[in-house]
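Each remark here refers to the structure printed beneath this line.
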Amino acid sequence: MLKLVTLFCVIYTAYGLVLPASMLASYTDAFARNQMLALASAAYSSNPQHCLTSKFTNAQLKRQIYVKNCAALNSDVCSGYTAALHADKAIVISFRGTQGFFQLISEANKSVFESQMSWIAGGKVSKYFGDAFSKVWAAGMKDDVAALLAANPGYEVWVVGHSLGGSLASLAASYIIGTKIVDGSRVKLVTYGEPRTGNKDYAHAHDGQLAYSYRVTHNRDVVPHVPNEDFMGYYHNKYEVYYRENMKAGAKFTICDGDEDSKCSDGLWVTTSIDDHLHYFEKDISAWGDKGCN
C-alpha cells in the first residue's frame, strides 16, 4: 500500500498537480514537538551537535554555515546546517531565524518585501527570502546535501526552520524537489512561526510538491501574518497546524487544509504577540537551542 501511495505522489508531483489531503502523511504532535522542534532550535546554537546528541541516537552534524550580509540589512547573518540522523534514516536541512529579520518585523518595514523574484516551482517569492536561501545554499549547503544523499541513499529529507528560517526551509524543500534533487515523497517539511514567503501562485505550486508539509502556528504569533495578505499578493501554502492559547503536552490543535483558512490563525482579529512567536511547545526556541536542547 505504501508503495502505491508513493507512486501516486510521484505522478502528481511530476505533472504539477496538487496532492489530495487524503494522500498526505498525517501530522503528529509528537513528531513536531519532540523531533522537528529540536532540529529547528539547534540552528540557533553555535554547535548544533549538542542538540543532536541530546535528542537523537546516532546523529551527526555535517556542517553549520554562516553567511554575513545575507539579505536586506547589513547586519543580517543567515545560517543553516545539515546533518544525518542514522537511527531515523533521515537527512536534516535546518535554517535559523535572525535578529535582523525580527527587527524588520518589529518596525513593520514593508519596503523590504516589495521586491519579488520568480521561483523555480512556480509563482514569485520575496526577493529578501530568495536571496537569503540562495546565499546559504551556495555557501556550501548544496554540496553538503549532495554528499549526504550520496552517502545515505533512501534516507528521508527533513527540512525545518523557525521564523525567517521557516521561509528558508519552505524554499529549500521546494527547491530540492523542483530541481529533482529529491523526490517530493521523501521530503518532510515542518516550520514554526513562518512568515508569508511568496504569492498565491507560489503557494499553490508548493502545495503540489510535498507529501508532508505543515506550518505550525502558535496562538497570536505576529510573524505568520507578515507580510500582510493584501500586500503584493503574499499568501500562505498548506497545511497550517494551529495551537490556540497554549502548546503544553496534550494541547488541542486544529489542522486547516486551506492555504489561508479562517478556522486557523488567519481568522484572528488580533495577531500581535511577540512572546507567542518566540515560544513553541513551551520552549524559548533560540535559548533552548543555545543550551543544547536540554
>> At 0.36 nm per residue, and after removing the present C-alpha to C-alpha distance, how many nm does the segment from Ala30 to His86 gain when stretched out fully?
In response: 18.2 nm
>> Given a 1.4 angstrom probe, what's the average accessible area per residue across the chain, in square angstrom?
In response: 42
>> Could you work out the relative contact order of region 155-294? I mean the mean sequence separation of Cα pairs under 8 Å and 6+ apart, divided by the number of residues, in percent.
In response: 20
> Just the accessible area for His204, please: 1.4 Å probe, Å², rounded to the nearest 10?
Replying inline: 90
> Which sequence of Phe56, Phe253 reflects their accessible areas, 1.4 Å probe, from the largest down?
Replying inline: Phe253, Phe56
>> To check you understand DSSP bridge types, tell me what percent of the beta bridges within the chain (both residues inside) are antiparallel, rounded to 5.
In response: 55
> Can you pull the percent of region 29-291's accessible area that's carbon plus sulfur, 1.4 Å probe, other chains left in place?
Replying inline: 48
>> Checking understanding here: applying a Kyte-Doolittle mean of at least -0.5 and a length along the axis of at least 15 Å (C-alpha), which whole DSSP H helices in the chain pass?
In response: 2-14, 164-178
>> Quick check for me: using +1 on Lys/Arg Cβ and -1 on Asp/Glu Cβ, what's the dipole size of the chain about its Cα centre, in debye to the nearest 20?
In response: 760
>> Just checking my list (i) 0.95; (ii) 1.03; (iii) 0.91 against Cα Rg over 2.2 N^0.38 Å computed from this structure; which label fits?
In response: (iii)
>> Can you compute the modelled spin-label distance between Asn246 and Ser118, with each label point 7 Å from Cα toward Cβ, in nm?
In response: 5.1
> At 222 nm, what helix-only mean residue ellipticity would the chain give, in deg cm²/dmol to the nearest 500, using -39500 (n - 2.57) for each DSSP H run of four or more?
Replying inline: -8000 deg cm²/dmol
>> Can you order the peptides 33-45, 175-187 by their average number of other Cβ atoms within 10 Å per residue, highest first?
In response: 33-45, 175-187
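How would you classify region 149-236 from its alpha-carbon gyration tensor, with a ≥ b ≥ c the square roots of the eigenvalues: rounded for a/c under 1.5, else prolate if a/b is greater than b/c, otherwise oblate?
Taking the square roots of the gyration eigenvalues as a ≥ b ≥ c, region 149-236 is prolate.
The values are calculated or read from the model by the stated rules, or taken from the named source; none is laboratory data. Remember, it's a predicted structure, so these values are computed and weren't measured experimentally. When we count neighbours, we look across all protein chains shown, and the Cβ atoms used for this are built from the backbone with ideal geometry, even at glycine. To get the accessible areas, we keep the full protein, side chains included, count just its heavy atoms, and leave off ligands, DNA and RNA. Shrake-Rupley method; radii C 1.70, N 1.55, O 1.52, S 1.80 Å.
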